[in-house]
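Working notes, beginning with the structure itself.
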Amino acid sequence: MTKRILVVEDNDLNRKLFCDVLQAGGFSVEPVADGNLAIEAARAFTPNLVVMDIQLQDVSGLDLISILKHDADLCEVPVLAVTAYAGKGDEQRIRESGAEGYLAKPVSIGPFMAAVRGLVDGAPKAVAS
């Protein structure tokens, strides 16, 4: 079964790049440009992984990760956080919010796909309801 990845990214070029690379890697991808729609999209799409931009326009990616991790249906879905603002202590703060993976932008394709595959392959199997 094809693994599903939800990409939450408000920058059009980054979102297209992530989606194109993931689709070329054999994944089914659902892009979300508006962070306010991310949780609803996750519930509808039931992803095996969420790629989450931390610096979204209207809502914090950290807040979205926290919401995902406190949702009974989504708490087991791993999150790969990506951010352009990689300052001292940011990775720890992002991981403390619940993200299992972290990459600083600009993201290189090799490390990005390695992180994605590691999280998807290590993720618990989705249970059909």
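Some observations on this one:
- Criterion violated by Glu40 - all others in (1) more than 22 Å from Leu22 (Cβ to Cβ); (2) loosely packed, with under 13 Cβ neighbours inside 10 Å satisfied: (1)
- Restricting attention to the stretch 47-61, the residues that are outside any loop (DSSP other than H, G, I, E, B) and surrounded by fewer than 21 Cβ atoms within 10 Å (Cβ to Cβ) add up to 2.
- Scanning the stretch 63-82 for any residue that is farther than 23 Å from Asp121 by Cβ, of a type outside the set (Gly, Ala, Ser), surrounded by fewer than 21 Cβ atoms within 10 Å (Cβ to Cβ) and modelled with pLDDT under 95 turns up nothing.
- Of the numbered criteria (1) closer than 16 Å to Val7 by Cα; (2) aliphatic (A, V, I, L, M); (3) modelled with pLDDT under 95; (4) part of a helix (DSSP H, G or I), the one Ile94 fails is (1).
- Number of residues in the stretch 10-34 that are crowded, with 23+ Cβ neighbours inside 10 Å and either in contact with a Ser or Thr (Cβ under 8 Å, 6 or more places away or on another chain) or not in a helix (DSSP H, G or I) (or both) equals 1.
- Set Leu37, Leu68, Leu62: member being of a type in the set (A, V, I, L, M) and under 18 Å from Lys105 (Cβ atoms): Leu62
The values are calculated or read from the model by the stated rules, or taken from the named source; none is laboratory data. In this text, all values refer to a predicted model and were calculated from it rather than measured experimentally. Methodologically, a virtual Cβ is constructed for each residue, glycine included, from the backbone with ideal geometry; neighbour enumeration extends over all protein chains shown.
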